[in-house]
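S.K.: This structure is in structure tokens; I'll ask about it shortly.
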Amino acid sequence: MKRFSRLTVLACAAALALAFTAIAAASYTPSMGIFQATYKPGLAGAVTVVVAQEKVDDPTARIVIYAPPGYKANLAQAPGTTIGAVVADVQVLDLSTNTFTLTGAVKADNPANYPAASNLCTPGVTHEAVWTLNAALAGQPANPIPVYVDHTAPAEAAVGAVKMTVCFRDPTLAPNDPRRSPNGLKFLDAAFTVKGIFTNPTNAGNQLWRSLFTPYTPGTGVPSAAGTREAQGVVPMPYSISLRRTRARSGFFRLAGTLNLAGSEPTGVGLKLFAGVKVRGSVRFKQVAATTTRRGKYVFNRRLPKKVTYLLVERPPTGVACASPLVPCSSSIASNAISRVIRVAPPRKKRR
């Protein structure tokens, strides 16, 4: 099983659950998490960006995401190239208040298709690259949402190396208002992955991704600058969990390893053990145990399974304090880390 497939499924689910529980009581407190295929300094790999808000929040007008200083980005993909995938949850207010899940590809587009003079999202700006999020219900055509991508100008270089901007229409306007989102579609959350774009900084430590969320003043179609909130994603680097099987007493197996968190081996960090069996050729993992580290080390002792079982260890996404926010900060989420997968077979049957 590919490492990034595991990361995307587990990290996004855990991050969105964390975000939702954290923001349920407020009117506009968005969240962001960043999850990477590799956390080794200087290496390139897929990056997943998760952004979320609550159903009761005011609708989002604009999200600006900054990759930290030190990241490098290749923005030269040819138009039409598929560079990743997106999954999003939305409400379609013309239909119901239920949540609908959309999926699709992330593709590179031609920036010339988005002239600066007529771009309502980033008026007057010519962009280096444009990605489209082509999320749709199964069997339905997508309504592509553009993401405008640029290396930052010197004035923003201290905030980030790369800037991504996406805008949404206001779903709370009257149905006959041309500024209204199609069918009253309201963004709730999205996880989009891009591959072949980002290369990690070469220095160790915590890398701070920033995002600025601006809501609409409901029913006006006008973004509320005063309501802008920052959400942060903290990416430790290097960051890894080793996993190996060690000797155990009869009828049991033991898993052990070490957590490397930004170059340290800390005590008291929570880890979760996931297990799954193959069903129709795929493995669905579920949590079966938890523990904490001691000087970076951890151990799980378990009974041998009745079926061939696949196991991995995760340090889940974790809420942390916001660091030097640019505007009021609603959340900060440290990325997860996932070990390799271990296969454990049932005990051999004794011969009679």
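S.K.: Holding the Cα-Cα limit at 26 Å, pick out from Lys286/Lys350; Lys55/Lys278; Lys55/Lys195; Lys72/Lys107 the pairs that are longer than that.
M.R.: Violating the 26 Å limit, Cα to Cα: Lys286/Lys350; Lys55/Lys278; Lys55/Lys195.
S.K.: Next up: Expected output is a single nm value to one decimal: the length gained when fully extending between Ser324 and Ala174, i.e. 0.36 nm times separation in residues minus the C-alpha distance. What is it?
M.R.: Extra length available between Ser324 and Ala174 comes to 50.1 nm.
S.K.: Also, I was wondering about something else. Which residues in the stretch 291-311 have a backbone N closer than 19 Å to a point placed 7 Å from the Cα of Thr267 along the Cα-to-Cβ line?
M.R.: 291-300
S.K.: At 7 Å along the Cα-to-beta-carbon direction for both Glu156 and Ala112, put a label point, then send me their distance in nm to one decimal.
M.R.: 2.5 nm
S.K.: By how many nm would the segment from Ala290 to Cys121 lengthen if fully extended, with 0.36 nm per residue of separation less the alpha-carbon distance?
M.R.: Here the answer is 56.4 nm.
S.K.: Once both labels are modelled 7 Å past Cα along the beta-carbon direction, what's the Thr258-Asp94 spacing in nm?
M.R.: 5.9 nm
S.K.: Now, a different point. With everything on Cα atoms, drop me the angle between helix 3-23 and the longest principal axis of the chain, reported from 0 to 90° to the nearest 10.
M.R.: 60 degrees
S.K.: Quick one: length gained pulling Lys278 to Arg244 fully straight, 0.36 nm per residue minus the C-alpha distance?
M.R.: 10.2 nm
S.K.: Further question on the same structure: What FRET efficiency comes out for Ala76 versus Ala136 if R0 is 30 angstrom and r is the Cβ-Cβ distance? Round to the nearest 0.05.
M.R.: The formula returns an efficiency of 0.65 here.
S.K.: Let me ask something additional. What nm distance separates the two modelled labels at Asn301 and Ala345, each placed 7 Å from Cα along Cα→Cβ?
M.R.: 2.5 nm
S.K.: Excluding Ala289 itself, calculate the net charge of residues whose Cβ lies under 13 Å from the Cβ of Ala289, where each Lys or Arg counts +1 and each Asp or Glu counts -1.
M.R.: Once positives and negatives cancel, what remains is +4.
S.K.: Using Cα pairs closer than 8 Å and at least 6 residues apart in sequence, work out the relative contact order for the chain, in percent.
M.R.: Reported as a whole number, the value is 19 percent.
S.K.: Any aspartates and glutamates with Cα under 19 Å of the Lys297 Cα? List them, leaving off those in the same chain fewer than 8 positions away.
M.R.: Leaving aside aspartates and glutamates fewer than 8 places away in the same chain, those within reach of Lys297 are Glu265, Glu314.
S.K.: Ignoring ligands, DNA and RNA, what percent of the 1.4 Å accessible area of the chain is carbon and sulfur?
M.R.: Ligands and nucleic acids excluded, carbon and sulfur reach 54 percent.
S.K.: Then there is this: Can you compute the radius of gyration and Dmax for the chain, using only the Cα atoms, both in Å?
M.R.: Answer for the chain, Rg first and Dmax second: 21.8, 83 Å.
The values are calculated or read from the model by the stated rules, or taken from the named source; none is laboratory data. Values in this document were obtained by computation on a predicted structure and should not be read as measured data. A quick note on method: Cβ atoms are made from the backbone with ideal geometry, for glycine too, and the neighbour counts reach across all protein chains shown. These accessible areas exclude ligands, DNA and RNA; they are computed on the full protein's heavy atoms, side chains included. Shrake-Rupley method; radii C 1.70, N 1.55, O 1.52, S 1.80 Å.
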